[in-house]
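Since the structure comes first, as structure tokens, the remarks are kept for the end.
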Ligand SMILES: NC(=O)C1=CN([C@@H]2O[C@H](COP(=O)(O)OP(=O)(O)OC[C@H]3O[C@@H](n4cnc5c(N)ncnc54)[C@H](OP(=O)(O)O)[C@@H]3O)[C@@H](O)[C@H]2O)C=CC1
Ligand SMILES: O=C(O)[C@@H]1CCC=N1
């Protein structure tokens, strides 16, 4: 069902675009009920207006006056300046969603200086095609009804799970940053195909279907990844030869380190910017 609430995006970057594109693609919110602002980049606002028919304005007052739901989508380091610039035009009836990595709901409450409900959200860029793996975590004054509103809205851009805010650093590392690591792996597969002199287009078709098919098999069988990779490895065969290299270079330990480092960064952002770790 279409949501009649008016949604204001504070920040007009890649994450704001991914979410608004998903909301429009799934007909969840009408373009006339989506408002977008940023700090200064008018050309970017015009681009979004032309591409999606959404309402844009550099002036925060009128934009905020219209909004039922406010989505904070600037970089974490810009949160203080951004919230201070909108604070006079906000009120406790508005529902705030923050997609900012590492920024706690407590800190946003402190910046707003009132008790509006704030839900911390961690989506990913697959929102643009309705395939995000999104989590939502309840801030201090958030009710079940607010969570239902957020869940229903965000389900237009993918699956939504409710979590505790304390788990956000880890989830950000896996589900928020994760797509970048998967694309990096896919790029490595493309480079291998190139070195083996395969046609790039053919290789890309096969790689994407291989990745998609692997996910499908995991999902449809409910099997453990280990059982499925063991099915692929024939003794003395090709996969085993490839696996030897992955094991020798401790591929899994590297991935675990990568995710832990991203999670540490999320927690460091909390400490550096808000000085209030959760
Ligand atoms: N990219 C991703 O995959 C994901 C990102 N996130 C989170 O989403 C947030 C945005 O990331 P992303 O979209 O990649 O960043 P971008 O740099 O692409 O966009 C940031 C936007 O914020 C705007 N902005 C900066 N300062 C202000 C301000 N004071 N008032 C209003 N708007 C402002 C910028 O406008 P201007 O250009 O005019 O300065 C720009 O439009 C981050 O906090 C990130 O942690 C969460 C999940 C995934
Ligand atoms: O890199 C970042 O900080 C953001 C948060 C998750 C994905 N991108």
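The values are calculated or read from the model by the stated rules, or taken from the named source; none is laboratory data. Bear in mind the structure is a predicted one, so any value in this text is a computation, not a measurement. Because the Cβ atoms are built from the backbone with ideal geometry, glycine has one as well, and the counts that use them run over all protein chains shown.
Looking at 82, 43, 73, 101, which is the one that is within 11 Å of ligand 1 (Cβ to nearest atom), surrounded by fewer than 16 Cβ atoms within 10 Å (Cβ to Cβ) and closer than 18 Å to residue 15 by Cα?
43 is the lone residue from the list that is within 11 Å of ligand 1 (Cβ to nearest atom), surrounded by fewer than 16 Cβ atoms within 10 Å (Cβ to Cβ) and closer than 18 Å to residue 15 by Cα.
Enumerate the strands (runs of 3 or more DSSP E) found wholly within region 87-190, keeping only those where 2 or more residues are within 30 Å of residue 257 (Cβ to Cβ), in contact with a strand residue (DSSP E or B) (Cβ under 7 Å, 6 or more places away or on another chain) and more than 16 Å from ligand 2 (Cβ to nearest atom). Don't jump to the end; show me each part of the working.
Values: elements: 95-98, 118-122, 132-138, 158-163.
The qualifying strands (runs of 3 or more DSSP E) are 158-163.
Check whether at least one residue in region 138-146 is closer than 27 Å to residue 264 by Cα and under 19 Å from the mean Cα position of the chain (by Cα), and report yes or no.
Yes, that holds for at least one residue.
Within region 222-278, how many residues turn out to be assigned to a helix (DSSP H, G or I) and away from ligand 2 (no atom under 16 Å from the Cβ)? Break it down stepwise before answering.
Taking region 222-278 first, the residues assigned to a helix (DSSP H, G or I) are 225-232, 238-248, 251-274.
In the following step, the residues that additionally are away from ligand 2 (no atom under 16 Å from the Cβ) were identified as 225-232, 238-248, 251-257.
The qualifying residues number 26.
Kindly establish whether residue 87 is modelled with pLDDT of 95 or more, surrounded by fewer than 21 Cβ atoms within 10 Å (Cβ to Cβ) and within 8 Å of ligand 1 (Cβ to nearest atom). Can you show your working first?
Working: modelled with pLDDT of 95 or more: yes; surrounded by fewer than 21 Cβ atoms within 10 Å (Cβ to Cβ): yes; within 8 Å of ligand 1 (Cβ to nearest atom): no.
So residue 87 fails the test.
Can you work out which of the residues in region 64-79 that are in contact with a helix residue (DSSP H, G or I) (Cβ under 8 Å, 6 or more places away or on another chain) and over 26 Å from residue 162 (Cα atoms) is nearest to ligand 2 (Cβ to nearest atom)?
Residues of region 64-79 that are in contact with a helix residue (DSSP H, G or I) (Cβ under 8 Å, 6 or more places away or on another chain), as a first pass: 64-65, 69-74, 76-77, 79.
From what's left, over 26 Å from residue 162 (Cα atoms): 64-65.
Working: 64: 25, 65: 30 Å.
Among residues in region 64-79 that are in contact with a helix residue (DSSP H, G or I) (Cβ under 8 Å, 6 or more places away or on another chain) and over 26 Å from residue 162 (Cα atoms), the one nearest to ligand 2 (Cβ to nearest atom) is 64.
Going through region 144-202 one residue at a time, which ones are within 16 Å of ligand 1 (Cβ to nearest atom) and without any contact (Cβ under 8 Å) to a residue 24 or more places away in the chain?
180, 183, 184
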